[in-house]
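Here the structure is laid out as structure tokens; the discussion comes afterwards.
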Amino acid sequence: MAVDLEQMMLLLQKRYDILKKVDELTDELQSAFIRHDEVSASLLLDMRAEEIAEVDACLGRIWDLGRTGGEDLQEIKRLLHTDPASVSATGSWEENKIFEVRRKTVRLLEQLQDKDRRMNLSAGGEKSYYKNKQN
């Protein structure tokens, strides 16, 4: 049985869409921190956590596509772990779309990590996790 590439593509797109929502919530959280609005910040952190849990659930459903093991699992590993920037458009339409969504996701995750780092430094000051870390 072959991996359902269309289902995998749809789950990766859903994961990307949820991460965009996390990005929007991060912007709102940053604004709440600037306003010193602890009530809104707490609510936004909870909302963000729910969205991140949904991202994890999407990834879990992708891994479930390979639950039969063998070649299906190896194909999923290849599609999830190959550097999407190094892949040229030579596979099926679905495979090319999977790598396209993964490239967008990598860029979005890098932006989110940078926002989180800046927000943590701003909110945590001397106690920030990033205070003594290199960029």
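The values are calculated or read from the model by the stated rules, or taken from the named source; none is laboratory data. Keep in mind it's a predicted model, so treat the numbers as computed, not measured. When we count neighbours, we look across all protein chains shown, and the Cβ atoms used for this are built from the backbone with ideal geometry, even at glycine. With ligands, DNA and RNA removed, areas are computed over all heavy atoms of the protein, side chains included. Shrake-Rupley method; radii C 1.70, N 1.55, O 1.52, S 1.80 Å.
Side notes on the structure shown:
- Candidate set from the range 19-39 (those that are without any contact (Cβ under 8 Å) to a residue 12 or more places away in the chain and assigned to a helix (DSSP H, G or I)); member that is nearest to D114 (Cα to Cα): E24
- Checking each residue in the range 18-32 for being out of contact with any Ser or Thr (no Cβ under 6 Å at 6 or more places or on another chain) and open to solvent by less than 80 Å² (accessible area, probe 1.4 Å) picks out I18, L19, K21, V22, D23, L25, T26, D27, L29, Q30, S31.
Residue-by-condition table, conditions (1) at pLDDT below 95; (2) open to solvent by less than 80 Å² (accessible area, probe 1.4 Å); (3) at positive phi; (4) in a helix (DSSP H, G or I):
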position	(1), (2), (3), (4)
L108	no, yes, no, yes
D116	yes, yes, no, yes
E126	yes, no, no, yes
Y129	yes, no, no, no
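- For the range 50-94, residues that are open to solvent by less than 60 Å² (accessible area, probe 1.4 Å), part of a helix (DSSP H, G or I) and either more than 22 Å from V106 (Cα to Cα) or free of Cβ contacts under 8 Å to residues at least 12 places away in the same chain (or both) total 6.
- Residue check, K97 closer than 17 Å to L25 by Cα, among the basic types (K, R) and more than 13 Å from the chain's Cα centre (by Cα): no
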